[in-house]
Amino acid sequence: MTQTPKQLGFHFPAEFEKHTATWLSWPHKEASWPGKIESIYPAYSFFVKVLAQSEHVHINVADTVMKSKALEHLSRAGVNLSVIQFHFNPTNDAWCRDHGPAFLINKKEKKKAIVDWGYNAWGEKYPPYDLDDVIPTRIGTDLKLQVFNPDLIMEGGSVDFNGAGTVLTTTACLLNKNRNPGLTKEQIEEYLINYYGVEQVLWLGDGIIGDDTDGHIDDITRFVNTDTVVTVVEENKSDENYEVLQKNMKTLKVIRLLNGKSLNIIELPMPTPVMYEDQRLPASYANFYICNQHVIMPTYRCENDHRALQILVQAFPQHEVIGIDSVDIIWGLGSFHCLSQQEPAL
């Protein structure tokens, strides 16, 4: 029987640990930003510019035409192109958090590996997804890394890690019948433990309104260190997110980590509702991305932007926190964390 990553000494590090690089898939699918895709490139390119200040950036593109277009936008934004590397890996969409490689490390043996989970575009919502589904294996082959292929549908945005044996997820997503209908909660936990190299799976409930992923954790609650989370709360009691987020808060308060300790919980406000064409978008300050020197937080041109930024400044004293306008990007139903996947350093 093939040994699991955990048996081989691999684990998935926390995002706040040191990175070698960040992986992205260049946005190109107009149906994800109907009528708006050109408007996202300035903010997206600024995101890349900030990443490139402290780590390498790998970008999946379909061909030389897409590479040239990307270089045009990045050059205009003043990105340090010496740390940008393009890979000819065609994708269906831009959400690299969900279709990108899940990098594992084995510190003792100084080795990396990749988990290539099954991917079905959030429960068959946006076919085709055949190109996205094979991205981790293509990258593993390119980097000459061992690739594990568990028989489980899994997206990177549905899990968050503390780097000390704990993974946080939601029942709304992982127990949804459009992902792994033949598996029980216990069987799914077994996959997470064996392939992410963790000891403990903690479950929250539902996600925020407008989230077409069925409740990804990266819009709700995120680890900022081994025993502290930031979690979004809705302060308007008549808002449809209020009860959902209160239930998750109650769960967080009773959770115990492997060492028996309670979580330190930092509350992060929700932005005022962001609407486009009568659709509520999944705008959340929790969809920030942690790179080596910065925490990059989406902003939504509303009064809570500054407050949320200051809370993250306090939560990440070793990082510079930068807000980047996400009003156009969120029309694609995701933001900076959804667009990126970290490659940890050994």
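Can S284 be described as more than 22 Å from S54 (Cα to Cα), touching a residue at least 24 places away in the same chain (Cβ under 8 Å) and assigned to a loop (DSSP other than H, G, I, E, B)? When the stated conditions are applied, S284 passes them. Restricting V79, V48, V57 to those that are over 24 Å from D130 (Cβ atoms), crowded, with 20+ Cβ neighbours inside 10 Å and more than 22 Å from the chain's Cα centre (by Cα) reduces the list to V79. Can you tell me how many residues within the stretch 1-42 are among the small types (G, A, S), more than 30 Å from D151 (Cβ to Cβ) and in a loop (DSSP other than H, G, I, E, B)? Summing the residues that are among the small types (G, A, S), more than 30 Å from D151 (Cβ to Cβ) and in a loop (DSSP other than H, G, I, E, B) in the stretch 1-42 gives 1.
Checked against the criterion of being farther than 27 Å from Q342 by Cβ and buried (at least 20 other Cβ atoms within 10 Å of the Cβ), the stretch 235-243 has at least one qualifying residue. Helices (runs of 4 or more DSSP H) fully within the stretch 43-139 that include at least 3 residues being more than 25 Å from E155 (Cβ to Cβ) and among the basic types (K, R): 64-76. Number of residues in the stretch 232-273 that are closer than 13 Å to S284 by Cα and not in a helix (DSSP H, G or I) equals 11. Restricting G78, G35 to residues that are on the phi > 0 side of the Ramachandran plot and modelled with pLDDT of 95 or more narrows the list to G78. When the stretch 167-204 is filtered for residues that are buried (at least 18 other Cβ atoms within 10 Å of the Cβ), more than 17 Å from P150 (Cα to Cα) and of a type in the set (S, T, N, Q), the ones remaining, listed by number, are T169, T170, N176.
Yes/no per residue for (1) without any contact (Cβ under 8 Å) to a residue 40 or more places away in the chain; (2) buried (at least 18 other Cβ atoms within 10 Å of the Cβ):
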residue: P13; (1), (2): no, yes
residue: H19; (1), (2): no, yes
residue: S25; (1), (2): no, yes
residue: K29; (1), (2): no, no
residue: G35; (1), (2): yes, no
residue: S39; (1), (2): no, no
residue: Y44; (1), (2): no, yes
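Restricting the first member to the stretch 144-164 and to residues that are without any contact (Cβ under 8 Å) to a residue 12 or more places away in the chain, and the second to residues that are small (G, A, S), no beta-carbon pair is closer than 8 Å while six or more apart or on different chains. Could you list, in sequence order, all residues of the stretch 126-142 that are out of contact with any Ser or Thr (no Cβ under 9 Å at 6 or more places or on another chain) and charged (D, E, K, R)? Across the stretch 126-142, the qualifying residues are D130, D133, R138, D142.
Criterion first (of a type in the set (S, T, N, Q), out of contact with any His (no Cβ under 6 Å at 6 or more places or on another chain) and touching a residue at least 12 places away in the same chain (Cβ under 8 Å)) does T169 satisfy it? Yes, satisfied.
Under 6 Å between Cβ atoms, which residue pairs at least 6 apart in sequence (or on different chains) link something in the stretch 69-96 that is touching a residue at least 40 places away in the same chain (Cβ under 8 Å) with a partner that is assigned to a helix (DSSP H, G or I) and of a type outside the set (D, E, K, R)? Between residues of the stretch 69-96 that are touching a residue at least 40 places away in the same chain (Cβ under 8 Å) and residues that are assigned to a helix (DSSP H, G or I) and of a type outside the set (D, E, K, R), the close pairs are N89/I135; P90/L131; T91/L131; N92/L131; D93/S32.
The values are calculated or read from the model by the stated rules, or taken from the named source; none is laboratory data. Predicted model only: the values in this text are computed from it and were never measured. Using ideal geometry, Cβ is built from the backbone for each residue, glycine included, and neighbour counts are taken over all protein chains shown.
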